[in-house]
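Just below is one structure, and these are the notes that go with it.
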Amino acid sequence: MTSGSIRRSFTTAAALAAVLFGSAASADPSPYQLNMQPGGSTWSHVPYELNNWSFGVCVVIGILVFGAMFIAMFRFRKSRGAVAEKWSHNTKLEIIWTTIPVIILITLAYFATGGITSWADTTGSQMTVKVTGYQWKWRYDYVDYLGKPISKVGFMSKLDTQSDQTRQLGSGMDPYAVKSGNESTYLLDVDKPLIVPVGTKIRFVITGADVIHSWWVPALGWKLDAIPGIVNAAWTNIKEPGIYRGQCAELCGQDHGFMPIVVVAKSKPDFARWLADEQAKANPPTAAPAPASTAAAPKTAQIAPTAGKPATVKQG
Amino acid sequence: MSHAATHDHHDDHHGAPKNFFQRWCMSTNHKDIGTLYLVFALVMFFIGGSFAMVIRAELFKPGLQLVQPYFFNQMTTLHALVMIFGAIMPAFVGLGNWMIPLMVGAPDMALPRMNNLSFWIMPFAFVLLLSTLFLPGGGPAGGWTMYPPLSLQSSSLAYVVFAIHLMGISSIMGAINIIATILNMRAPGMDLLKMPVFVWSWLITAFLLIAVMPVLAGAVTMLLTDKYFGTNFFNPGGGGDPVLYQHIFWFFGHPEVYIMILPAFGIISEVIPTFARKPIFGYKAMVFAIASIAFLSFIVWAHHMFAVGLPMGAEIFFMYATMLIAVPTGVKVFNWVSTMWGGSMTFETPMLFAIAFVILFTIGGFSGLMLALVPADFQYHDTYFVVAHFHYVLVTGALFAIISATYYWLPKWCGHMYSEFWGKMHFWNSVVWVNVLFFPQHFLGLAGMPRRIPDYNVAFANFNMISSIGGFLFGASQLIFLGVLIHAIWFSKNKATDRVWEGAKGLEWTVPSPAPFHTFDVPPVIRDEDLAHGHVND
């Protein structure tokens, strides 16, 4: 064991303790992470809690069923002189173990249904971002913010250079060396992240340009496919400023594993300043003549080319 | 070869043809064709397994060490196609071929020549499929689900589509044969509700196959015409819809999942009563549970598509329908446990695999229940949590049942006992390493690792390494299985009795071991106490 790997084991042990005892909630995956993260949006607790409750129900049922089975295997073995009984049905028992699961399922379904209806409600959003999946990068276009349309703010977002060099077959580079501050960001960092404000209901309209991708940031609690010809909609409302990382979650070709998603949530004033800067860059304040805007067009095109016809909007 | 020679062999009605080609290529005998299916499945199991070894080796640590991402995608795609269509399904058809006539007292399958054809299509289908690995452009790399538009970018699409057509034709013919055999060839007195649960499970599975294989054939044909003949079924640029493919595919795909597990339920329902020496608990409930699971399998397909942006009402409907499956599945598990309760159990290798099946398949069922909850599935979908889930139901479910069946009926097939010691070695190695292999994948998925990626963030390194070690050792453990089979068939001196197992009941145990080339030329007399489930009045 090298000193590096020993140090790594210590860090992982510390991270393990952090996960188990619930401190230092980080949106990044951590070594030996055992459970889903609670996430950082107003909705992300829904899948987390459903996950925990349904897991708990499974554990209890598992203990009862497997417990009965192990008792049976111990008590009714031929080597202990057990003699087989003849009965082969028991109506009362069969009714009980059909009914109890039904009641448990109805309870779980009730909570899950509530979660679906709140997730599907994209009304009342204060901001809209269009997300387009490409082989193998993402494009973000800012559509509107606080009721005002935003023009020409949009950019491509692809894997950071260091990860990209490290991930080449036979690069000889160490994935553990790819860091941003203290975080290990190998394959989870991009050149230009999506910047959004906290405390704002953000509506994402998601589509694909070539094949199907899936936009997934675990801390937001959901993933949604980016499909050519279809615009899907979902929303989030991030609680705390921070960096939230994710990955493409639908096989989209050879570099499917290499198109991460990074969402940077800023406070509302910081975001407003950032947005103003971007808008100023895209739309020079002096009444610009036509040639200037043409020059800026390739970088800031509002609508990404999608395959074929105008897309139909599907409500998530 | 001369016609006369062939004729001579057929005059001797109780012997197999001596000529190798005559015996195996021209066979119309259900036992020989069953053997062919089982050997084919075993070969495919090792080929598909070697693809899995490549996957686990590349995922052993972060960074790309061995293969390019595109080749990695070919491995995941072919691993799935080979294991599903080459290993699990042919193994069940082989078991059905061998055992269904013996269990219902029929002299052979109803359509023996079609039986030959439905087997001999398979090797050609897989030569076609696997040859793509050696062709320019490589094998299919868009996942076994072949979602367009991605699958339309593959240069091997036509090969894969025709291979799937061939497999589909084979499966449909096999299914027709099984239904015809069960409905027409039962010995007098073998009423439908006296049939072994394994036969029932195959009857229902065969109907599923006939219902959904044409749907798959249609879906992949539409891919083919989209790519080569200018249609736009799935191309939004021409007014098509990529999601339409997913609906059609999963309308096949979900019943397909049950095609791979219902015969396993049947096998476990044979093995557990034998080694518990007690009739199966709730025979009719078991049959009814299989039938209701089969019915429900047609109305849950979109639970594979919760993340495509379905309308809210559809997500709710498919969630409820999916959760409903837990009820009949639960009934089956409770009934297996109740069969053991009050029995007189011994733990030979088939029983060990059957018990492992009940526990580990149930764990796969638990994660299935969690996946059914739409909001939670938004997180689980397309992560390693799903990979862990379906490997629990397919490896420790379907595969363990097939292995259990092999140990259970092997003495009847070859006339010799296998080595119980090495059988148990195989069991304990398999059951330990399969959990080291797949259990940590739950954690990887929950922590956020997507599936079908060749490389990952360093946070996922520990569990991936553990999983890979489990994978290598699970793979190696299957070589023990191969050894046990070779020993039992060619080297074992330990002759099997006709009954083989003390608690074995059913017609297949009334014929000699090994089962003669032709059995039940004269229909057997059915006595209820010979049947596995005794007097059924409930």
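Computed from the coordinates by the stated procedures, all read-outs in this text should not be read as laboratory data. What you see is a predicted model, and the numbers here were worked out from it, not measured in a lab. Reconstructed Cβ throughout: ideal geometry from the backbone, glycine too, with neighbour counts over all protein chains shown.
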Taking the alpha-carbon set of the range B:156-241, what are its Rg and Dmax in Å? 18.5, 61
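Full-extension gain between B:Arg499 and B:Ile486, please, as 0.36 nm times their residue separation minus the C-alpha to C-alpha distance.
That pair, B:Arg499 and B:Ile486, stretches by 2.5 nm at full extension.
Using helices alone, what [θ] at 222 nm do you get for chain B, with -39,500 (n - 2.57) per DSSP H run of 4 or more residues, divided over all residues and rounded to the nearest 500? Numbers along the way, then the final one.
On the way: 19 runs with 337 residues, N = 538.
Rounded to the nearest 500, the figure is -21000 deg cm²/dmol.
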Phi-based couplings in Hz for the range A:241-247 (Karplus 6.51, -1.76, 1.60; Gly and Pro marked x): x, x, 10, 10, 10, x, 9
I'd like the distance separating the alpha-carbon centroids of the range B:428-443 and the range A:128-182, in whole Å. 35
Cross-link pairs B:Lys61/B:Lys424; A:Lys148/A:Lys266; A:Lys86/B:Lys495; B:Lys194/B:Lys424; A:Lys268/B:Lys61 - those with Cα-Cα distance over 29 Å: B:Lys61/B:Lys424; A:Lys86/B:Lys495; B:Lys194/B:Lys424; A:Lys268/B:Lys61
Distance from the Cα centre of the range B:153-167 to that of the range B:34-63, in angstrom? 20
For chain B, longest principal axis from Cα atoms; helix B:157-184 axis from its Cα atoms; angle between them, nearest 10 degrees, is 30
Karplus couplings for the range A:128-140 from phi (6.51 cos²θ - 1.76 cosθ + 1.60, θ = phi - 60°), rounded to Hz, Gly and Pro as x? 10, 10, 9, 10, 10, x, 10, 7, 9, 7, 10, 10, 10
Inside 10 Å of the C-beta atoms of A:37-44, what's the mean count of C-beta atoms belonging to other chains? 1
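Taking the Cβ-Cβ separation of B:Gln68 and A:Asp144 as r and a Förster radius of 41 Å, what is the calculated FRET efficiency to the nearest 0.05?
Numbers: r = 42 Å, r/R0 = 1.02.
E between B:Gln68 and A:Asp144, to the nearest 0.05, is 0.45.
Report the calculated FRET efficiency for B:Ser50 and B:Trp422 (r = Cβ-Cβ distance, R0 = 30 Å), to the nearest 0.05. Numbers along the way, then the final one.
Values: r = 22 Å, r/R0 = 0.75.
That pair, B:Ser50 with B:Trp422, gives E of 0.85.
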Given pairs B:Lys278/B:Lys493; B:Lys412/B:Lys505; A:Lys92/B:Lys284; B:Lys31/B:Lys332 and cut-off 21 Å on Cα-Cα distance, the over-length ones are B:Lys278/B:Lys493; B:Lys31/B:Lys332
If a/c stays under 1.5 just call it rounded; otherwise compare a/b with b/c (prolate if a/b is bigger, oblate if not). Do that for the range B:298-383, with a ≥ b ≥ c from the square roots of the Cα gyration tensor eigenvalues. prolate
Evaluated at q = 0.25, 0.26 Å⁻¹: base-10 log I(q)/I(0), Debye formula over Cα of the range A:45-120: -1.18, -1.21
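With only Lys, Arg, Asp and Glu charged, each at its Cβ (+1 for the first two, -1 for the last two), find how big the charge dipole of chain B is about the Cα centre; round to the nearest 20 debye.
Computed about the Cα centre, the dipole is about 520 debye.
What translational D, rounded to a whole number of µm²/s, comes out for chain B from Stokes-Einstein when the hydrodynamic radius is the Kirkwood one over Cα pairs, at 37 °C and 0.692 mPa s?
Details: Rh = 24.0 Å.
Using the Kirkwood radius from Cα pairs, D works out to 137 µm²/s.
So what's the convex hull volume per residue for the Cα atoms of the protein assembly as shown, in Å³? Intermediate values should be presented prior to the final figure.
On the way: hull volume 146.1 nm³, N = 854.
In the protein assembly as shown, the Cα convex hull volume per residue is 171 Å³.
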So how far, in whole Å, is the C-alpha centre of the range A:57-90 from the one of the range A:198-245? 48
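Trypsin sites (Lys or Arg not before Pro) within the range A:32-99: which are DSSP loop residues with at most 12 other Cβ atoms inside 10 Å? Intermediate results must be reported in sequence, preceding the final value.
Details: sites: A:Arg75, A:Arg77, A:Lys78, A:Arg80, A:Lys86, A:Lys92; in loops: A:Lys86.
Of the trypsin sites (Lys or Arg not before Pro), the ones in loops of the range A:32-99 whose Cβ has at most 12 other Cβ atoms within 10 Å are A:Lys86.
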Once label points are set 7 Å from the Cα along Cα→Cβ at both A:Gln126 and B:Ile359, what is their separation, rounded to one decimal in nm? 5.3
Give the angle, between 0 and 90 degrees and rounded to the nearest 10, that separates the Cα long axis of helix B:420-447 from the longest principal axis of the Cα atoms of chain B. 20
For A:Arg77, the residues 5 or more places away or on another chain with a placed amide H closer than 5 Å to its own amide H are A:Ala82, B:Met345
Between helix B:242-259 and chain B, what is the angle of the helix's C-alpha long axis to the longest principal axis, kept within 0 to 90° and rounded to the nearest 10? 30
Explain nothing, just compute: Karplus ³J(HN,Hα) = 6.51 cos²θ - 1.76 cosθ + 1.60, θ = phi - 60°, for every residue of the range A:75-89 in order, whole Hz, x for Gly and Pro. 6, 9, 9, 4, 5, 9, x, 5, 10, 5, 7, 9, 5, 9, 7
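Could you give the length gained by full extension between A:Ile63 and A:Met173, i.e. 0.36 nm per residue of separation minus their alpha carbon distance, to one decimal place?
On the way: separation 110, 0.36 × 110 = 39.60 nm, distance 4.63 nm.
In short, 35.0 nm is gained.
Need one number: % antiparallel among DSSP beta bridges in the protein assembly as shown, to the nearest 5. The partial results should precede the final answer.
On the way: 38 of 53 bridges.
If I count the DSSP bridges inside the protein assembly as shown, around 70 percent turn out antiparallel.
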